[in-house]
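One structure below.
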């Protein structure tokens, strides 16, 4: 039987709205409800009182969502000049800042990464652009 010190176990529920330095821990290939390729991404918070907590996000490879994919790839330091045959291994293990808000889904609060919610991990530039300050809403894309 496992021995657990529950004094060292964090709480459940969403993270407070804000930004977190994260590492991409896992990328799983999937498909959106509209048939577009989609990657399910699990970020892990690296610093602060919420270190070790996960943030989940989906990257959809539809025409409308490619600017978001481009932003993330840029923040991760990938070379975006010309064509890129992007694979999950190219982003797995890389770090960036992730900005989350809270959204209620089926009467349960969940974190949602803002549409423009990525910035380089080592940069203090504020987040901005279209949708700044608004939680990412899958229904809008």
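Read the figures in this text as sums done on the coordinates, not as results from a lab. A quick note: this is a predicted structure, and the numbers were derived from the prediction, not measured. We place every Cβ from the backbone using ideal geometry, glycine too, and count neighbours over all the protein chains shown.
Miscellaneous remarks
- Shown for 87, 60: other C-beta atoms within 10 Å of each C-beta, ranked fewest to most, produce the order 87, 60.
- Neighbour-count order for 1, 90, fewest beta carbons within 10 angstrom listed first: 1, 90
- For the peptides 99-108, 21-30, 77-86, the ranking by mean Cβ contacts within 10 Å, running from highest to lowest, is 21-30, 99-108, 77-86.
- Straightening the chain between residue 26 and residue 105 buys 26.1 nm, computed as 0.36 nm per residue apart minus the Cα-Cα spacing.
- Note on residue 17 and residue 58: with the Förster distance fixed at 25 Å, the Cβ-Cβ geometry gives a FRET efficiency of about 0.85.
- More than 16 Å apart - percent of Cα-Cα pairs taken over the stretch 6-125: 63 percent
- The mean sequence separation of alpha-carbon pairs under 8 Å and at least six residues apart, normalised by the residue count of the stretch 6-125, gives a relative contact order of 28 percent.
- Each of 69, 41, 47, 98 was scored by other Cβ atoms within 10 Å of its Cβ. Arranged with the fewest first, they read 47, 69, 41, 98.
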